[in-house]
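Written out below as structure tokens is the structure these notes cover.
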Amino acid sequence: MELSNFIKIYNSADNQDNILIYSTLRGATLQVSNGVVEALHNGTLEKGEQETLVRLGILVPDAQAEQRQMIGYFDWANSNARRYTALITLNLDCNLACPYCYEDHFRGKSYMSEATADLLVDSILNGPIATGKEVLLDFYGGEALLSVPLIYRIARPLYAAAAGKGTTFSFNLVTNGTLLTPQVVEDLLPLGLVAARVTIDGPPDIHNIQRPFVSGKGSFDLIVKNLKDVCGLFKVQLGGNFTRDNYRRFPELLDILESEGVTPDKLNMVQFSPVIPTAGEAGLGDFAMGCACTSEPWLIEASLFLREEILRRGWNTPKPKLAGCMVEFENDMIVAWDGSLYKCPAFMGWDDLRIGTLADGISDYRESHNLDIWKCEECLECSYLPLCFGGCRFLSRLRTGAIDNLDCRKQYLDSALERIVRQDLELRRR
Ligand code: SF4
Ligand code: SF4
């Protein structure tokens, strides 16, 4: 047996017998003594210990074969995918006027037409549903709930057709929360609504400046009221966008929610993300939810601080897990309001990153999106590969104007991963 390429060993500064072994591939954590680590390195492990380490993927029969398997990971994942997921931009309109909104430069009264919605339905009926795949859509905007009739138009036929084919259709809402009333939720549940992602940017004084109504009025009270009213009806995930100046105050939001009766058991997940620079063209807006991360020191500190405060209060937040950028997954798609197709919401607005349209189909984007960028010596020998796969194509493009470089997360993961793993061990209750 050999040591997997995809493990990290963390010594404890104050306890020699509290060494952590973490598998970046399996997400498994093991707390062992110094003696076990020594036995691991010189091949003198006891049988029971060895079996545990094999079961957790820390020891593998052939480390080079494991590395070769990683090269083919996305080919395997794509050919075995049983689910088709797409994020559907229903409109570019919004009842809020967030100053950092990435859609600001092209925001307006642009709505997906009924004809485009019908094309979308046809493409899903004739593609994923015809082949028996599960279908999961994220309805997005602008503000998705400004397009409720269009949600019905898309969801009704897909829900019925999926049931007829013995598969499932479901959808999530990505929403600012101002229109997320119990009535809306109850009406949409029978058509496949399963979850919503709502954004609140910290305590009221911060949120109301960062996410005011178009009129200038604050939106905090209405969103919290809606959250209170709907969180028992379905899964709700809470996001929020922080800045360097205000992230320390975001835990106040969690305390306010709890005092309003929105307790940790009532929200599926909480994750705060930084406001990402828009570079005048595109950005991440409310989609971010930790997809992209950068290694600026303040940002590492902020994300660790907030993660700790979330877990300490008993809320759920994502664990590190094997994850690649959406560009790698054939069955993940972004459909813009006009029927254009992209591989990431942040790419909308960049013509050269459009990969096709609903009417004309998808063109070959392997080269334009540099799919194999991570199949280089540097990444293949990196123990963080399963958590990174070359990083975020959007951040790479922001830096150089092209997807031609790795968005290397080594510095970030070197600084943050051990603390994240220890937070999960010590603080996670869910
Ligand atoms: S480019 Fe990939 S990693 Fe970056 S935000 Fe888009 S989907 Fe996420
Ligand atoms: S981009 Fe950097 S952190 Fe990511 S897999 Fe490659 S070498 Fe590792």
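Here, each number is a calculation from the coordinates, and none is a lab measurement. Note that the structure is predicted; figures quoted are calculated from it, not measured. Don't worry about glycine lacking a Cβ; one is built from the backbone with ideal geometry, like all the others, and counts go over all protein chains shown.
A DSSP coil position with no more than 13 other Cβ atoms inside 10 Å describes the following trypsin sites (Lys or Arg not before Pro) in region 24-106: Arg82. Taking the Cα centre of the chain as origin and assigning +1 to Lys and Arg Cβ atoms and -1 to Asp and Glu Cβ atoms, the resulting dipole is close to 780 debye. From helices alone, the chain scores -10000 deg cm²/dmol at 222 nm; the rule is -39500 (n - 2.57) for each run of n ≥ 4 DSSP H residues, then divide by the residue total.
Any of Lys133/Lys343; Lys109/Lys235; Lys8/Lys410; Lys8/Lys321; Lys266/Lys343; Lys8/Lys343 with alpha carbons more than 22 Å apart? Name them for me. Checking Cα-Cα distances, Lys109/Lys235; Lys266/Lys343; Lys8/Lys343 exceed 22 Å. For region 75-312, relative contact order (Cα pairs under 8 Å, six or more residues apart, normalised by length) works out to 19 percent. For Asp245 and Gln64, a Förster radius of 51 Å and the Cβ-Cβ distance give a FRET efficiency of 0.60, rounded to the nearest 0.05. Stretched out straight at 0.36 nm per residue, the stretch from Ser368 to Gln31 would grow longer than its current Cα-Cα span by 117.0 nm. Among Met348, Met1, Met269, the order by Cβ neighbours within 10 angstrom, fewest to most, reads Met1, Met269, Met348. Charging the Cβ of each Asp and Glu at -1 and of each Lys and Arg at +1, and nothing else, the dipole of region 75-312 about its Cα centre rounds to 480 debye. Shown for Cys98, Cys376: other C-beta atoms within 10 Å of each C-beta, ranked fewest to most, produce the order Cys376, Cys98. When the Cα positions of Phe74, Ser259, Ala155 are compared along the charge dipole of the chain, Ser259 comes out farthest toward the positive end, with charges on each C-beta of Lys, Arg, Asp and Glu.
Ordered by the number of other Cβ atoms lying within 10 Å of each residue's own Cβ, fewest first, Phe389, Phe305 fall into the sequence Phe305, Phe389.
FRET efficiency for the Val54 to Asn405 pair, using the beta carbon distance and R₀ = 45 Å, is estimated at 0.75. When you restrict to C-alpha pairs under 8 Å that are six or more residues apart and normalise by the size of the chain, the relative contact order lands at 16 percent.
Across the chain, Cα-Cα pairs more than 31 Å apart make up 44 percent of the total. Extension gain for Arg156 to Val194 (0.36 nm times residue separation, less C-alpha to C-alpha distance): 12.2 nm.
Between Ser415 and Thr168, the modelled label-to-label distance comes to 4.0 nm, taking each label 7 Å out from Cα in the direction of the beta carbon.
On the beta carbon distance between Val214 and Ser259, with R0 = 35 Å, the FRET formula returns roughly 0.75.
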